[in-house]
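Enquirer: The structure is given below, and queries will be raised subsequently.
The values are calculated or read from the model by the stated rules, or taken from the named source; none is laboratory data. Remember, it's a predicted structure, so these values are computed and weren't measured experimentally. Here the Cβ positions follow ideal geometry from the backbone for every residue, glycine too, while neighbour counts run over all protein chains shown.
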């Protein structure tokens, strides 16, 4: 059997961080995920998916994400129920996030994403850096421009025989 969810979307409001009586952090947030198709009026709709993350990742989500932040969530769907204030049974379906990827650099506005993978946190990396990537310090100051042979704006001598078309 398989229960795996991968989502990319924007937070609809700031994450809510709480602590259990034992001091375990838990953060909840709602992710707005665009559908891949449009409705009959040509508008793109979104699904609003409740997510829960525990422990150190919960603290990082609360500290580094806010309303409008672009995030990736890897986890599983879970359902639970509880008794509401009116005595009726309430059923909840949510995504239990095992990994939350921060897809924008801190302080960036909506719609601008990072093409570097150093701003994420995964449950497997519960020790050390809050972003879970030990190579981050080694890559500091690195940009893709450093590798671009065309970045200098100089001319490149290519004959028509070298072109594949």
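Enquirer: Yes or no: residue 65 within 13 Å of the chain's Cα centre (by Cα), closer than 30 Å to residue 1 by Cα and at pLDDT below 95?
Expert: no
Enquirer: Kindly provide the set of residues from the range 9-39 that are assigned to a strand (DSSP E or B), in contact with a helix residue (DSSP H, G or I) (Cβ under 6 Å, 6 or more places away or on another chain) and within 23 Å of residue 104 (Cα to Cα), ordered by number.
Expert: The answer is 17, 26, 27.
Enquirer: If the Cβ limit is 6 Å and pairs must be 6+ apart or interchain, which residue in the range 40-64 that is within 24 Å of residue 106 (Cα to Cα) pairs with which residue that is in a helix (DSSP H, G or I)?
Expert: Within 6 Å, the pairs are 53/61; 57/123.
Enquirer: So which pairs qualify, if the first residue must be in the range 1-20 and at negative phi and modelled with pLDDT under 95, the second must be loosely packed, with under 11 Cβ neighbours inside 10 Å and assigned to a strand (DSSP E or B), the Cβ gap must be under 6 Å, and the two must be at least 6 apart or on different chains?
Expert: none
Enquirer: Shifting gears a bit: Can you find a residue in the range 68-85 that is under 23 Å from residue 4 (Cα atoms), under 13 Å from the mean Cα position of the chain (by Cα), assigned to a loop (DSSP other than H, G, I, E, B) and at pLDDT 90 or above?
Expert: Yes, because at least one residue in the range 68-85 is under 23 Å from residue 4 (Cα atoms), under 13 Å from the mean Cα position of the chain (by Cα), assigned to a loop (DSSP other than H, G, I, E, B) and at pLDDT 90 or above.
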